[in-house]
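The values are calculated or read from the model by the stated rules, or taken from the named source; none is laboratory data. Owing to the predicted nature of the structure, the values given are computational and were not obtained by experimental measurement. Every residue, glycine as well, gets a Cβ built from its backbone with ideal geometry; the counts of neighbours run over all protein chains shown.
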Amino acid sequence: MRIRRELVGRADETSLVEAAITDGHRLVLIDGEPGVGKTRLLEHLVERAHAAGRTVLAGSATEFERLVPFGTYVDAFTRLTDAAPSPPAEAALRALLSADKADQLDRYHTYRDIRSFLAELADDRGVVLALDDLHWADAPSLELTEFLLRRPPAAGFTLAIACRSDAVPPVVGEAVARRDPRVTRLSLAPLGEDAAALLMPPEVDPRRRRLMYRVSGGNPLFLWALLDADDRRLSELAEDRPGATLALEQTLLAVLRRELDRLSPAGRRAAHAAAVAGELASLVVISHVAELDLAGTAAAVDELCRHGLGTLAGARFTFRHPLVRAAAYDTCGAGWRVAAHARIADHLRGNDGSLALLAHHTERCAELGDERAARTLGDAGLAYLDSAPTTAVRLLREALRVLPERDDLVPYRGVLLTGLARGTGVMGSLTESRRILHEVIHLPHEVASAAVAFSSVISRMLGRLDEARALLSAQTRKAGDDGRVRAQLLSELAAVAMLRSDPGGARRHAHEALALVSKTTDPALEAAAYALLAVACLQDGDLAAARAHSRRAGWLMDSASDTALVPHVELVAPLSWSEISLNRPADAERHLARGIDLATRSGRSYAMPYLLIGQAQLRTRAGRLAEAIEIAEHAASASEYIHSSETLAMARCVLLLPVLWRHGVDPAMTLADSLTAAGPGSAWWQAIAYVSVARVRLAGRTGGDHPQPPVLTRDTEVERLAVQSIRAGADGDVGTALERSAAAVEAAGDLPYQLGIAYDARARALSGHDDLPGAVAAARIAAERFGEGGAVVERGVAHQLLATVHGRMGDVASSHAEIGRAKAAYRESGADWLAGQLTRVERRLAASGQRHVARETALTKRELQVAELISQGLTNREVAEQLQVSQKTVETHVTRIFSKFDVRSRVALARRLASRGDRPASG
């Protein structure tokens, strides 16, 4: 007896499938429990798509090959090329299988090429990509699926997915949650008793039919598996339902194993061989693995088909359901299974098979001391470092375990260890990566140099700059005449010197690297050296050289291929930093976008925080505060993921100002306190943190500056002098405020943003000195320079300062105009907190304007006495002694006098009294 494979009890689902195919839905998700009919409904969708004239690609994931990268898509494209060979389809398949040529496996380009191929098919006849059992898909297949969902190839593209309800991939769940009308979800429930009865052969009596339904719960696959169970067994199962002692799936596996026991010895051997071979299960491979001749293999496969265990699709045998394969795999003897994997590995080696599948089977049969197996696993692991780092780490660990301990294999062991360190670093385990690298740095220099260079990257991210410098210096001396290796080490030394605020050392190392790299053909390494040189020149205050080197680095980076740039992708960050500083935001935007894209698709998670930090700084400068905060928080999360305290502190640095301007003092102060408690380890970022924290605390009118770093460079000098000037003015030290602001103006050179910062501080110092015309002139320059530098928020702050000064001068019209300009800047940038502060300033200025004259003429007799005495230069204490009152009373009078005259200093009060004939009010 056999269960019919008809679709019964699914009328609603099939009508929705028909509508999805007819209307060209973007996504169809079929989910449910194992065996409920997901695969069968997906097959129905494929049949309807074929009938509608669509091109169909159908692939499935398997439990036993889930560690083979892109296995689901390899299956789909293999079936397509077998059915309808075409150069584009074959090219896509080669790209997915080319993991053994790492420089050719550029994931993003592969994804884009596959997307373009699918778009061509969609434009032609429409295309359906059907992926079964996606809950077992490998990580790269899931990533490619996410790419296609987020960037659908064309209007005629439909992605159909079947998976278990408790394992729906997040990106698929997100698409369903958005309730897009072009997305259909079909959650399959078990069949009702009447529908289940339709699946059973007519000769099954009603009592047994009810018993089978009770045991199966309406699950079609379980019905099929239970069909040959005797009544006693059914009764036992009915009394022991899932949730008691046996899970239903375990029960099913037990029943399937008994089904396999009924096969002939050759049939069982063929089932075992097909289970081990998986997607390779052609008659030839089954024959080789089962050690049967071809005629015997054909007869055995026919037996499997007769028993309903699977079908032949061309020359390839596939099991009816993954659970059937699981039962066959599980019933293999453990020793026989290992030998079977070894026979498949031999078959793949002899037929130039895929390295991915060869590594998969080798991993399951490799023995200690097997050099050939170790090299297979190691080469595959190294190939997967960029495309599938999780798989790479697993394969490399296994290769190192198997590799013989021989002196001649020491270099290869060093290569594997370096790759393993890279893989663990990419995955976020920086400390583990550093530990592995320290195993390599004591090996011969030709092996150790790459490890030391990468170790420097890890040490930078952990804030261990002295350790990085010592390792790099020692290894550079050992590197001999290998120009490219020495250039890479010298570039890393330049990066470390830059972070240590040693621009002289950074320039020297970068120039030495450039002298060596010019003899090679590595534009990306040359670009990295020029980028570091540009930042070092900024630190030295050499703007002309910084401009030249930054432009050269940008040109080289634009001319470098993605493959060449990937190893140096984190050094896109210093290039973009120089471009932001030199007022070239468009170049910075382009390079950061490319760097982030490369870091994302190459799996270099350690590079991502640097790049996101640069992007957040760029967004802050451009006044896109919501984006800046989101990106900086992403950088902080990425830093926490890879356990990098250094980049976490850097991310908080660039988060401070946008949080202040958008959300206010309290959250910004919380961030500033965390940064003071756990700041950056590098001197350069300590200087940046000092300035950012000082600006927040000035806004909050609190003391306690962030500790000033011991080593300072010219690129942070202007902002440092500006905050010191504003702090001095807030403390009443007008002389220091004027001195520091003048120094800031002199140090700013010709950089618009730096000039804006300097003149803003100058305007505030002059206002505190009551030189209001001078303050207006300086604030106007600040607003103009901020506008020229694209600094939207700071331009608004300068206009707000102008409004305040004009208000003090009694120029109401100019004050209102400047408030309008400040409002526009805050609205454009999303500076909500600053906008709220501006509203209060506006009210205060309006009230001040209305009461200006009244206040100046409303001095009492006692206030006039105090005003005349302090205008003569007497201190509060001296005034109190002369008038025979307390010093606190004098301070109260002084506060009221300053308010009535709208002045902020005794000098300004003396000028006002001298220019007006003030008389006391009555009383």
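For this structure, a couple of remarks:
- Qualifying residue in the range 213-223 (condition: closer than 27 Å to Leu260 by Cβ, in contact with a Phe, Trp or Tyr (Cβ under 8 Å, 6 or more places away or on another chain), surrounded by 19 or more Cβ atoms within 10 Å (Cβ to Cβ) and in contact (Cβ under 8 Å) with a residue 60 or more places away in the chain): yes
- Here Asp103 meets each of (1) modelled with pLDDT under 75; (2) assigned to a strand (DSSP E or B) with one exception, condition (2).
- Within the range 51-70, not a single residue is of a type in the set (Asp, Glu) and modelled with pLDDT of 80 or more.
- Pairing residues of the range 366-382 that are free of Cβ contacts under 8 Å to residues at least 24 places away in the same chain with residues that are in a helix (DSSP H, G or I), at Cβ distances under 7 Å and at least 6 apart in sequence or on separate chains, gives no pairs at all.
- Residue within the range 140-152 that is under 21 Å from Arg10 (Cα atoms) and without any contact (Cβ under 8 Å) to a residue 60 or more places away in the chain present: no
- Here is the figure for the range 622-634: residues that are in a helix (DSSP H, G or I) and at pLDDT 90 or above total 9.
- Lone qualifier among Ala277, Ala270, Ala326 - being without any contact (Cβ under 8 Å) to a residue 60 or more places away in the chain and among the aliphatic types (A, V, I, L, M): Ala270
- Of residues in the range 816-835 being touching a residue at least 24 places away in the same chain (Cβ under 8 Å) and of a type in the set (Gly, Ala, Ser), the one surrounded by the fewest Cβ atoms within 10 Å (Cβ to Cβ): Ala824
- Set Leu533, Leu575, Leu571, Leu543: member being among the hydrophobic types (A, V, I, L, M, F, W, C), surrounded by 19 or more Cβ atoms within 10 Å (Cβ to Cβ) and touching a residue at least 60 places away in the same chain (Cβ under 8 Å): Leu571
- Options Val410, Val452, Val457; residue that is in contact with a Gly (Cβ under 8 Å, 6 or more places away or on another chain) and in a helix (DSSP H, G or I): Val457
- Residues that are among the charged types (D, E, K, R), assigned to a helix (DSSP H, G or I) and either closer than 22 Å to Gly35 by Cα or touching a strand residue (DSSP E or B) at 6+ places or on another chain (Cβ under 6 Å) (or both) within the range 145-182 comprise just one, Asp166.
- Condition check for Asp466: surrounded by fewer than 19 Cβ atoms within 10 Å (Cβ to Cβ), over 28 Å from the mean Cα position of the chain (by Cα) and within 20 Å of Leu648 (Cα to Cα): yes
- Selection from the range 759-788 of residues that are buried (at least 22 other Cβ atoms within 10 Å of the Cβ) and more than 22 Å from Arg808 (Cβ to Cβ): Arg785
- Scanning the range 672-687 for residues that are closer than 20 Å to Ala699 by Cβ, touching a helix residue (DSSP H, G or I) at 6+ places or on another chain (Cβ under 7 Å) and surrounded by fewer than 22 Cβ atoms within 10 Å (Cβ to Cβ) yields Ser674, Thr676.
- Of note, Ala649 does not satisfy the criterion of being hydrophobic (A, V, I, L, M, F, W, C) and either over 30 Å from Gly419 (Cα atoms) or assigned to a loop (DSSP other than H, G, I, E, B) (or both).
- The criterion of being of a type in the set (Val, Ile, Thr) and more than 43 Å from the chain's Cα centre (by Cα) holds for Val301.
Each row is one residue, and each column tells you yes or no for (1) assigned by TED's automatic domain parsing to the domain that holds Ser550; (2) buried (at least 22 other Cβ atoms within 10 Å of the Cβ); (3) in contact (Cβ under 8 Å) with a residue 60 or more places away in the chain.
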residue: Leu472; (1), (2), (3): no, yes, no
residue: Ala487; (1), (2), (3): yes, yes, no
residue: Arg500; (1), (2), (3): yes, no, yes
residue: Ala510; (1), (2), (3): yes, yes, no
residue: Leu525; (1), (2), (3): yes, yes, no
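- In the range 547-562 there is at least one residue that is outside the structural domain of Asp750 (by TED's automatic domain parsing) and touching a residue at least 40 places away in the same chain (Cβ under 8 Å).
- Some residue of the range 825-843 being modelled with pLDDT under 85 and more than 24 Å from Leu766 (Cα to Cα): no
- Of the residues in the range 117-124, at least one is farther than 19 Å from Ala52 by Cα and at pLDDT 80 or above.
- Number of the condition not met by Asp770 [criteria: (1) part of a helix (DSSP H, G or I); (2) farther than 22 Å from Val718 by Cβ]: (1)
- Any hit, the range 898-910, residues being surrounded by fewer than 18 Cβ atoms within 10 Å (Cβ to Cβ) and aromatic (Phe, Trp, Tyr): yes
- Arg619 passes every criterion in (1) in contact (Cβ under 8 Å) with a residue 60 or more places away in the chain; (2) over 23 Å from Arg460 (Cβ atoms); (3) not in a loop (DSSP other than H, G, I, E, B) apart from (1).
- In the set (1) farther than 30 Å from Leu625 by Cα; (2) surrounded by fewer than 18 Cβ atoms within 10 Å (Cβ to Cβ); (3) charged (D, E, K, R); (4) at pLDDT below 85, Arg877 fails one condition alone, (4).
- Criterion applied to Ala162, Ala139 was being modelled with pLDDT of 85 or more, within 24 Å of Val68 (Cα to Cα) and touching a helix residue (DSSP H, G or I) at 6+ places or on another chain (Cβ under 8 Å), and the one residue passing it is Ala162.
- Search result, residues across the range 257-271 that are surrounded by fewer than 23 Cβ atoms within 10 Å (Cβ to Cβ) and of a type outside the set (Lys, Arg): Glu259, Leu260, Asp261, Leu263, Ser264, Pro265, Ala266, Gly267
- Test for Ala89: is it in a helix (DSSP H, G or I), in contact with a Ser or Thr (Cβ under 6 Å, 6 or more places away or on another chain), under 18 Å from Gly126 (Cβ atoms) and not polar (S, T, N, Q): yes
- Residue count, the range 183-207 (criterion: surrounded by fewer than 16 Cβ atoms within 10 Å (Cβ to Cβ) and either touching a Lys or Arg at 6+ places or on another chain (Cβ under 8 Å) or in a helix (DSSP H, G or I) (or both)): 6
- Residue within the range 697-714 that is in contact with an Asp or Glu (Cβ under 8 Å, 6 or more places away or on another chain), part of a helix (DSSP H, G or I) and small (Gly, Ala, Ser) present: no
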